[in-house]
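The values are calculated or read from the model by the stated rules, or taken from the named source; none is laboratory data. Because the structure is a prediction, the values reported are computed rather than measured. Note that we place each Cβ from the backbone using ideal geometry, even for glycine, and neighbour counts take in every protein chain shown. Note: areas computed on protein heavy atoms with side chains; ligands, DNA, RNA excluded. Shrake-Rupley method; radii C 1.70, N 1.55, O 1.52, S 1.80 Å.
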Amino acid sequence: TSITVYAKNGTANSTGAYYFDDFVLVAVGGTEPDTPSGDTEDPVPGNLIKEGTFENGSKSGWTTYYGSAPSTDAAYKGSYGLHCKGNNWGGIAETTVKTEVGKTYQLNFWYKINVAGFNWKVTGVVTGTKYAGYWQNTNLGTWQNIVVEFIADDTQVMLTLLGLNENSSPDFYVDSVSIIEVQGPSNDGFIVNGDFEVGKLTGWSFHQSTEVSTAAAN
């Protein structure tokens, strides 16, 4: 019935200043429950990705390379996951969805990797704007979740999975991929003082030298 939202520095040895701003917690997508594990239907209401579960061996709407394809070797839900086989910087798999300029969208997917890292990115097809990107090479051998929001300034965006660097040939699995439009007013009042504009840390617990500052703001 409750969650803790927190911000922290990168590692136990990280030092220096960090700035965070505009925390929000929003209701996204529809209100229907997930379909049971193993169902061939897409479990995410409002998912703009045509095939996000890869069930029945389907990769409809995806373009894949280097032999990447749905596989029963590993799946986060159901029976299939997308087995991605990389080759240096080259794209491994990609899919495109239609978006509306100015609207906020949430990307959500699960991945499992055993021995090497990979990159992913979300870009505008027409504008080439890069909305989000990430490098993965942690918690090897376990399913991990990526969730990120972005505001589109293009009518189409592409999610691309690709190699880590010129020397990598990553081998990993992706499942339960979705891009949905964020519904409802920003924050819905769930997080108190998410933009810190009151000039105080009202509603937040804080440690060490954390403070509200005008040195940097989104």
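Kindly indicate which of Lys98, Lys130, Lys121 is surrounded by fewer than 19 Cβ atoms within 10 Å (Cβ to Cβ), out of contact with any Phe, Trp or Tyr (no Cβ under 9 Å at 6 or more places or on another chain) and touching a residue at least 24 places away in the same chain (Cβ under 8 Å).
Result of the check over Lys98, Lys130, Lys121: Lys98.
Taking only segment 60-103 into account, find how many residues are within 18 Å of the chain's Cα centre (by Cα) and part of a loop (DSSP other than H, G, I, E, B).
So the answer is 5.
Every residue in segment 45-62 that is open to solvent by 60 Å² or more (accessible area, probe 1.4 Å) and either modelled with pLDDT of 95 or more or in contact with a Ser or Thr (Cβ under 7 Å, 6 or more places away or on another chain) (or both), please.
Lys50, Asn56
Taking into account only those residues within segment 63-95 that are small (Gly, Ala, Ser) and within 24 Å of Tyr131 (Cα to Cα), which is surrounded by the fewest Cβ atoms within 10 Å (Cβ to Cβ)?
Gly90
Tell me, yes or no, whether segment 105-113 has at least one residue that is aromatic (Phe, Trp, Tyr), modelled with pLDDT under 90 and open to solvent by 50 Å² or more (accessible area, probe 1.4 Å).
no
Just name the residue that is surrounded by the fewest Cβ atoms within 10 Å (Cβ to Cβ) out of those in segment 3-42 that are modelled with pLDDT of 55 or more and among the charged types (D, E, K, R).
Out of the qualifying residues, it is Lys8.
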